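Accompanying notes for the structure given below.
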Amino acid sequence: MPNTLTQPRETVRSGEVESSGTGVGPGSPPARRGKARKRILLAVLGLAVIVSSVPLYRYFAAWESTDDAEVDGYIYPVSSRVSGYVTRVMVDDNQVIQAGTVLVELDPKDYQVAVANAKATLANDQASAAALATNVPITSVNTSSQLSSAEADVENTEAGLAAAERQFEAAQALLRQAEANDLKAQDDVNRYKPLAAKDEIPQQRYTQAVDTQKATAAAVESARASAAGVEHAVTQARAKLSQARAQLQYAKTRPEQISVQRSRAQAAQAETQKAAAVFEQAQLNLQYATIIAPVSGIVGQRSVQPGQYVAPGQQLMTIVPLESQNIWVTANFKETQLKYMRPGQPVKISVDTYGRTYNGHVLNIAGASGARFSLLPPENATGNYVKVVQRIPVKIVFEKGQDPEHLLRPGMSVEPNVKVK
């Protein structure tokens, strides 16, 4: 007879094995309830994870970030605009300066001499221009009076010539009359001479005829001399008339003379303006001998030393401005991250140096990838093309008042997070 106390009785009930020795088995109601509670708990936890992951996914999907970014900014090179020897250097590397601070002084003696020379030249040209400007109204008045005088001279000379010509005609008439009388007297002498020799006429009559012929001959000579004198007067009158007419023609060039004087005055005025420009340039060169800071910032890369000779355009140092409007972030995002990125979207900027986060916004997106702006752009038409995700520079600016202590420096590594949705 089997021992019922030591041998457990096994009973198959509904496909479950139950131990009769202990009275509790895996198929008992409490065990089934525990498993059910575990399943329900796991389901609830899974549902909770799914429900909570949806907003997390939506949150992180709305942001795009990159660690390929840095603070960027303008760096102002300071160079000399004139040549000269450096007499003083007023600043050193890493020194904070304000706009207008004297940085370098050059020897100003040569430029002071140039200013004095240009000033004297300007004064001389101004005096010459003033004198030539005064000549314009003087020439106008003189030429006007000359024209009136020349016209009067021409009229008077023409009248004198006409009178002289009339006198010449009268002298010619008197000469012809005297010659006719002389010819008649010569005929009388020639006719009376043989008659007087024959005593056919009184000798006294012949003598009178001879005397008359002598008188008429003298009258002819006198008339000829008078006619010659009058003819000379006519010739002089004609010469004087020609001279008066020439003076009248010259006086009629009054507008041209005034124009010439005005042109000379304008040329002198132009020379004055040129001298004034030279004088102003000399003054500017003297000012350029003192080199001042164009902006506020920190001095860097100082290479100038006292006693050094500098040439125009030679860089002496640089200035890094620290104002927030002069710095920004250049972030190189993957091209796959730019699908929803637009200018104006807000940005959280985490700066590695200080562990701080700054606020900003997207200003613009570059017109080409960074590789295209490189010195040797890639050439894909080689037959060995491998597609590589390109990076596009994005310019991000800080909001106003984000860096009141001016802690940010160009070149610092940052990590921007752009909210694209």
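Bear in mind that the values in this text are calculations on the coordinates, not laboratory data. Keep in mind that this is a model prediction, so the values were computed, not measured. So basically every Cβ, Gly included, is an ideal-geometry build from the backbone, and we count neighbours across all protein chains shown.
In this rough spin-label picture, where each label sits 7 Å from Cα along the Cβ direction, the ARG224-THR336 distance is 13.6 nm. Couplings 3J(HN,Hα) for the stretch 198-207, derived from phi with the Karplus relation 6.51 cos²θ - 1.76 cosθ + 1.60 (θ = phi - 60°), are 8, 6, 7, 10, x, 5, 4, 5, 5, 4 Hz, where x marks Gly and Pro.
Scan the stretch 298-400 for chymotrypsin sites (Phe, Trp or Tyr not before Pro) in coil per DSSP, keeping those whose Cβ has at most 16 other Cβ atoms within 10 Å, and list them by number. Qualifying residues, ordered by number: TYR340, TYR354, PHE373, TYR385. Taking a straight Cα-Cα cut-off under 20 Å and skipping sequence neighbours fewer than 8 places away in the same chain, the aspartates and glutamates within cross-link reach of LYS334 are GLU64, ASP67, ASP68, GLU70, ASP72, GLU379, GLU415.
For LYS274, the aspartates and glutamates whose Cα falls under 13 Å of its own Cα, not counting residues fewer than eight places away in the same chain, are ASP125.
Applying the Karplus relation 6.51 cos²θ - 1.76 cosθ + 1.60 with θ = phi - 60° to the stretch 333-344 yields 3J(HN,Hα) values of 8, 5, 4, 6, 8, 9, 4, 10, 7, 9, x, x Hz, where x marks Gly and Pro. Each label point was placed 7 Å from the Cα along the Cα-to-Cβ direction; for ARG205 and LEU183 their separation is 2.4 nm.
How big is the charge dipole of the stretch 156-238 about its Cα centre, in debye rounded to the nearest 20, if each Lys and Arg gets +1 on its Cβ and each Asp and Glu gets -1 on its Cβ?
160 debye
Taking H as built 1.01 Å from N, whose amide H comes closer than 5 Å to the amide H of SER296, not counting residues under 5 places away? Those qualifying (amide H under 5 Å, at least 5 residues apart or on another chain) are ALA99.
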